[in-house]
Structure formats: C-alpha cells, structure tokens
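In what follows, a single structure is set out as structure tokens and then discussed.
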Amino acid sequence: MPRTKKKKFDPEGRGYDYDSAHKAGMGRGKDGHYESRVDSTGLLLKGRKHTTWDKLVEGEAKAGYEIYKKNGRYYSRKKQGLAGK
C-alpha cells in the first residue's frame, strides 16, 4: 500500500503544525486542544487562516506579547519597550 505524503505546514494557511508541537513535547491539554505557541522558542503553531488565529492574536496581546515573522514563520515574544521610555 503506497504511503501518502504528509502535507507540509503552511504558516499562511488554515492548518496547525502538529510536527513542531510533537517535537517540542507538546500534546493535547485537559481541554483537548494543543497550545498555540512553543514557549521555549515563541514559534506559533497555527496558520494565519486557522479558524482561531484571531483568538491567538488577542491572547498574545493580552499576555503582553507581540507577533513577528522570521524566516517565513510566525513567532511571539514579550513586547519590546521603546528606547528612551
């Protein structure tokens, strides 16, 4: 039986990066859902067209994080203060 090739995660798409989540040792939480961010790296695991991307953005902002893009992937980090303030 031929193997089906795994579809590569698209950061601009609707999917979730299960491979990166598993590599980070993540699994389903008590609520049955995976986390949206790898805490150690800030890597965001949902694509921008994911149905709950807006909730991710809102949650990151409320927690004092900012989202940025690096090497084609989205990450989150603590908001950087402005110089001189």
Checklist entry - Can you tell me which residue in the stretch 30-54 is nearest to Lys8 (Cα to Cα), limited to those that are among the basic types (Lys, Arg) and touching a helix residue (DSSP H, G or I) at 6+ places or on another chain (Cβ under 9 Å)? => result Lys46
Next on the checklist: Need pairs with beta-carbon distance below 6 Å; first residue closer than 18 Å to Ser20 by Cα and within the stretch 61-80, second in a loop (DSSP other than H, G, I, E, B); sequence gap 6+ or separate chains.
Outcome noted: Arg73/Pro11; Tyr74/Pro11; Tyr75/Gly42; Ser76/Gly42; Arg77/Gly42
Checklist outcome for this item: Residue pairs within 7 Å by beta carbon, gap of at least six or interchain, first lying in the stretch 38-55 and at pLDDT 95 or above, second in a helix (DSSP H, G or I) and of a type in the set (Ser, Thr, Tyr), listed first then second, are Val38/Ser20; Leu43/Ser20; Leu45/Ser20
Item to check | the stretch 1-57, residues that are surrounded by 13 or more Cβ atoms within 10 Å (Cβ to Cβ), outside any loop (DSSP other than H, G, I, E, B) and not small (Gly, Ala, Ser) | outcome: Tyr16, Tyr18, Arg37, Leu43, Leu44, Lys46, Trp53, Leu56, Val57
Checklist entry - Of the residues Gly47, Gly15, Gly25, which is over 23 Å from Lys78 (Cα atoms) and either touching a strand residue (DSSP E or B) at 6+ places or on another chain (Cβ under 7 Å) or not charged (D, E, K, R) (or both)? => result Gly15
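The values are calculated or read from the model by the stated rules, or taken from the named source; none is laboratory data. Computed from a predicted model, the values in this text were never measured in an experiment. All Cβ positions, even for glycine, are placed from backbone atoms using ideal geometry, and neighbour counts span all protein chains on display.
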